[in-house]
1. Considering only residues that are among the polar types (S, T, N, Q) and open to solvent by 30 Å² or more (accessible area, probe 1.4 Å), look in segment 35-70 and name the one that is farthest from Asp209 (Cα to Cα).
2. Out of curiosity, is Glu74 part of a helix (DSSP H, G or I), closer than 30 Å to Gly181 by Cα and open to solvent by 60 Å² or more (accessible area, probe 1.4 Å)?
3. Could you tell me whether any residue of segment 235-254 is of a type in the set (D, E, K, R) and open to solvent by less than 50 Å² (accessible area, probe 1.4 Å)?
4. Just to confirm my filter: which strands (runs of 3 or more DSSP E) fall fully inside segment 169-208 and include at least 1 residues that are charged (D, E, K, R) and touching a Pro at 6+ places or on another chain (Cβ under 8 Å)?
5. Please find, among Ala7, Ala32, the residue that is outside any strand (DSSP E or B), surrounded by 17 or more Cβ atoms within 10 Å (Cβ to Cβ) and not acidic (Asp, Glu).
6. Check Ala213 against each of (1) at pLDDT 95 or above; (2) farther than 27 Å from Gly267 by Cβ; (3) not charged (D, E, K, R) and name the one condition it does not meet.
7. Quick test of your reading of the structure: Ser288 fulfils all but one of (1) open to solvent by 40 Å² or more (accessible area, probe 1.4 Å); (2) among the polar types (S, T, N, Q); (3) at pLDDT 95 or above; (4) over 26 Å from Thr125 (Cα atoms). Name the failing condition by number.
8. Hey, among Ala223, Ala206, which residue is surrounded by 19 or more Cβ atoms within 10 Å (Cβ to Cβ) and over 26 Å from Leu26 (Cα atoms)?
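The values are calculated or read from the model by the stated rules, or taken from the named source; none is laboratory data. Just so we're clear, the structure is a prediction, and the values are computed from it rather than from any experiment. No Cβ is skipped: glycine too gets one built from the backbone with ideal geometry, and neighbour counts run over all protein chains shown. These accessible areas exclude ligands, DNA and RNA; they are computed on the full protein's heavy atoms, side chains included. Shrake-Rupley method; radii C 1.70, N 1.55, O 1.52, S 1.80 Å.
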Amino acid sequence: MSKIVIALGGNALGNSANEQLTKAELAAKSIADLIIGGHHVVIAHGNGPQVGQIRLAFENASGDDPEKLMPFPECTAMSQGYIGYHLQQAIDEELVARGLNDVPVVSMLTQVVVDPKDPAFENPTKPIGGYYDEAAAKKIMEETGDVYKEDAGRGWRRVVPSPKPMDIYEKVSLQTLVDAGQVVIACGGGGIPVVYRGKRYEGVDAVIDKDFAASKMAALIDADIFIILTAVDHVFVNFGKENQEALVDTTVEKMKEYITEDQFAPGSMLPKVEAAIDFAESKAGRKSIIASLEQASEAVVGKSGTIVQQ
């Protein structure tokens, strides 16, 4: 039996609560296939559309009073809660429908530790929330100290840092649940970013890439396989060109070469490839796979997806 960590994209879960519930049911079928196949599965998920919607709702409700805005770490916690609820419900129902009544499924509020000196804090780049005109954005910046930038001609939007994950605060509890054979949903949205200050951990306004957080979680729980589920069946080089090529079974070193050739788009495939490399090279015998949601079980047996290993 392999221990598998799955990173499920937030965009794959839709743009509304009803759509998300439907898509969670689809994801649950692929996850259940792996569990039925004898694998122990742990799930991380994105929250890209969802956390933005939560933040925007509070922005709209706050009017002109910045004190009424919900802090961003709390928005991430909210997204972890309701996405985890939908996935937990859908996976449990799918397992029961297949006769597995004794496999507990639990979602876990997860804090991910980041370095307060991470260079990302000096250059916030991740847009969140709604759009404002320049005057309104500058007024909010003066009042709150937040950073807003013009976004592709559509208006001004808040940007936050995207630091790399260093550790998972709840790793002992996480390991306990995993060792007990439970299906755990954790590190939702990349986790709630926290830094150590004084004698306690504090939430910070940032977004951790969910693939990097999932890769870190996979290493911490000593997983065998790390799967990033996305919209395509394989990673491609020369994407969109006549000589486009699907990568099937490749190495860490080869993928690093492709990165130096700028083969992967920074905003989409590059972080997935980097996260896959991080896990694959973290310990001998570990394997990362990038595949489509529908082909998850096939990818584990080498019939789909891009496999990355040392």
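1. Asn60
2. Here the answer is yes, as Glu74 does meet what is asked.
3. No, the conditions are met nowhere in segment 235-254.
4. 192-197
5. Among Ala7, Ala32, only Ala32 is outside any strand (DSSP E or B), surrounded by 17 or more Cβ atoms within 10 Å (Cβ to Cβ) and not acidic (Asp, Glu).
6. Checking Ala213 against (1) at pLDDT 95 or above; (2) farther than 27 Å from Gly267 by Cβ; (3) not charged (D, E, K, R), the one that fails is (2).
7. (1)
8. Ala206
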